[in-house]
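Chemist: Please find one structure pasted underneath; my questions will follow.
Each reported figure results from applying straightforward, stated rules to the coordinates on display, with no laboratory input. This one's a predicted model, so the numbers in the text were calculated from it and none came from an experiment. Here the Cβ is made from the backbone with ideal geometry for all residues, glycine too, and neighbour counts use every protein chain on show.
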Amino acid sequence: MNRITLPNSRTLSHMAYGVWRLSDAEDTSVTATLGRIDACLAQGITTFDHADIYGDYRCEALFGEAIKARPSLRDAIEVVTKTDIMLLSAQWPNTRVKHYDTSPAHVLASVDRSLQRIGVDVLDLLLIHRPDPLCDADELGACLDGLVDCGKVRGIGVSNYMPWDVDLLQSRMKHRLQTNQIELSLLSTAPFTNGQIAHAQQHKMPVMAWSPLGGGRLHSQARQAGTAAARLSPILARLAQASGTDTTAVAIAWLMHHSVGVLPVMGSNQIPRIEAFNQAFTVPMDRQTWYELYELANGHEVP
Ligand SMILES: NC(=O)c1ccc[n+]([C@@H]2O[C@H](COP(=O)([O-])OP(=O)(O)OC[C@H]3O[C@@H](n4cnc5c(N)ncnc54)[C@H](OP(=O)(O)O)[C@@H]3O)[C@@H](O)[C@H]2O)c1
C-alpha cells in the first residue's frame, strides 16, 4: 500500500483503520482485535486511529491489550489519537455538561493516559478532536510544541477544524500541523467547497477522511428512496462490477482521487470487509466519473 507523507516527512499508510467502533464488535477479545489488526497489516494498513473518548474511554485500552499480547506490534504501526472532548461518562463523574477542554493541564494528562492505555512510549500523531470555542491558542500551541519537543508525540494535527481554526493554532506553534481529520465521503462533500480541502492543499497537508462510508449509511440507505445513497447505489454497483470490486472500494477510490492526499479512516469491524479494503486502489477513476458521483452525491449538477 502507498504511504502518505506528512509535512514532518514521516509517513502513514494511505488508509487508516479507525477503532471508534471496536468496543461495539460482537467479539472484543484480544484474539479478535489481533485478527482485525492482522487483516490491516496484511494489506499494509499500519496506521490506527484512536481517540481518548472512543467506546466511552475503553477502545484505547482494548487495543492496548492486543499490543500487550504482541509487543512487536509497537514498531509495526503508527498510532494516532485525539484529545479535548469531555463526554458525560461514569468515568468522569464531575463532568456535568459535554464540553471541549484544550487547557494544557487536560491535554497533557490526556496524552499520558492515552500512552498508558495503548501501551506505547510515543504517539505518532496527536489530534485536537474538535475546535474548542474557549481555546487559548497561545497556551495550546505552546503545550503542543512542548509535547513534540519532549518526545511524547511525533506530530500534531487537528480534526474538524475550519481553515481559520487551523491558521490560528498554527500561528502560535513552531512545529507544523500535520493533518486535519474531517468528515469526508460521498455523503459529506462540503469540504470540497467550504475551504477545508482548499486550505489543506494550500498548506500541503494531507487530510484524513473520517466516516468515509458515511458511517455505513452509504450501504444501509442504498434502498431508501430520496437519499444520496439511493441515487449513488446503481452507479456504484456498475463501477464495482466493471472493476471486479465492491461498492465500498468505488466509494473509497472516489475519495482518494483528490490530489491533496486523502487518507480514509476505515471503520468496519468485520474481517472479510477489512480484508477487502485495499481493493479501492484497483478501481479506475477519471475526472468525469468523479463528477458523475459528485453530482449524484449532491443531488444536482455543478453550476
Ligand atoms: N475525528 C472525528 O471527529 C471522527 C468522527 C467519527 C469517526 N472518526 C474516525 O473514523 C473512523 C471510521 O468511522 P466510521 O466507522 O463511521 O467509518 P465508515 O467506514 O464510514 O463506517 C463504518 C460502518 O459502516 C459499516 N459498513 C461498512 N461496510 C458495510 C457494508 N458493506 N454494508 C453495511 N455496512 C457496512 C460498518 O459495519 P461493520 O462493522 O458491520 O462492517 C461500520 O458500522 C472511526 O473509527 C474513527 O477512527 C473520527
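Chemist: Once the other residues with Cβ under 14 Å from the Cβ of G267 are scored (Lys, Arg +1; Asp, Glu -1), what is the net sum?
Modeler: That works out to +1.
Chemist: If you line up the long axis of helix 228-243 against the longest principal axis of the chain, both from Cα atoms, how many degrees apart are they, to the nearest 10?
Modeler: Taking the Cα atoms of the chain, the angle to 228-243 is about 70 degrees.
Chemist: Right, something else. How far, in degrees from 0 to 90, does helix 137-149 lean away from the longest principal axis of the Cα atoms of the chain, to the nearest 10?
Modeler: That helix lies at roughly 90 degrees to the long axis.
Chemist: Kindly identify segment 17-102 as rounded, prolate or oblate by the Cα gyration tensor criterion: order the square roots of the eigenvalues as a ≥ b ≥ c, call it rounded if a/c is under 1.5, otherwise compare a/b with b/c, prolate if a/b is larger, else oblate.
Modeler: prolate
Chemist: Show the residues, 5+ positions off or on another chain, whose built amide H is closer than 5 Å to the amide H of T47.
Modeler: Answer set, sorted by chain and number: S13, Y17, E78.
Chemist: For segment 4-148, rounded, prolate or oblate, judged on the Cα gyration tensor with a ≥ b ≥ c (square roots of eigenvalues), a/c < 1.5 rounded, else prolate if a/b > b/c?
Modeler: Judged from the Cα gyration tensor, segment 4-148 comes out oblate (a/c at least 1.5, b/c at or above a/b).
Chemist: By a straight-distance test (C-alpha under 22 Å), which lysines pair with K98 as possible cross-link partners, with residues fewer than eight away in the same chain excluded?
Modeler: Cross-link targets: K82.
Chemist: Using just the helices of the chain, give the 222 nm mean residue ellipticity in deg cm²/dmol: DSSP H runs with n ≥ 4 each add -39,500 (n - 2.57), and the total is spread over all residues, rounded to 500.
Modeler: Helix-only estimate at 222 nm: -11500 deg cm²/dmol.
Chemist: Let me ask you something else. Over the chain, with a Gaussian network built from C-alpha contacts below 10 Å, which listed residue (R117, R154, R96) shows the highest mean-square fluctuation?
Modeler: Of the options given, R96 has the highest mean-square fluctuation.
Chemist: Quick query: amide H of L187 versus all other amide H atoms, modeled in the peptide plane; which residues come in under 5 Å with a sequence gap of 5 or more or a different chain?
Modeler: Correct list: G214.
Chemist: Next up: Out of A66, A253, Q170, whose Cα points farthest toward the positive end of the dipole of the chain (charges: +1 Lys, Arg; -1 Asp, Glu; placed on Cβ)?
Modeler: Result: A253, furthest along the dipole toward the positive end.
Chemist: Starting from the Cα gyration tensor of segment 229-303, take the square roots of the eigenvalues, sort them a ≥ b ≥ c, and report rounded, prolate or oblate (rounded when a/c is under 1.5, otherwise prolate if a/b is larger than b/c, else oblate).
Modeler: Prolate, because a/c is 1.5 or more and a/b exceeds b/c.
Chemist: Taking the Cβ of A198 as the centre, find all other residues whose Cβ is under 14 Å away and add up their charges (Lys, Arg: +1; Asp, Glu: -1).
Modeler: Once all neighbours under 14 Å are counted, the net charge is 0.
Chemist: So if I take the centroid of the Cα atoms in segment 222-288 and the same for segment 1-69, what is the distance between those two points in Å?
Modeler: 21 Å
Chemist: Tell me the angle of helix 287-298 to the major Cα principal axis of the chain, expressed in degrees between 0 and 90 and rounded to the nearest ten.
Modeler: 80 degrees
Chemist: Right, next: What is the sum of charges around R74, taking Lys and Arg as +1, Asp and Glu as -1, for the other residues whose C-beta is under 12 Å from the C-beta of R74? List each step's numbers first, then the result.
Modeler: Values: positive: K68, R70; negative: D75, E78, D121, D124.
Taking every other residue near R74 into account, the sum is -2.
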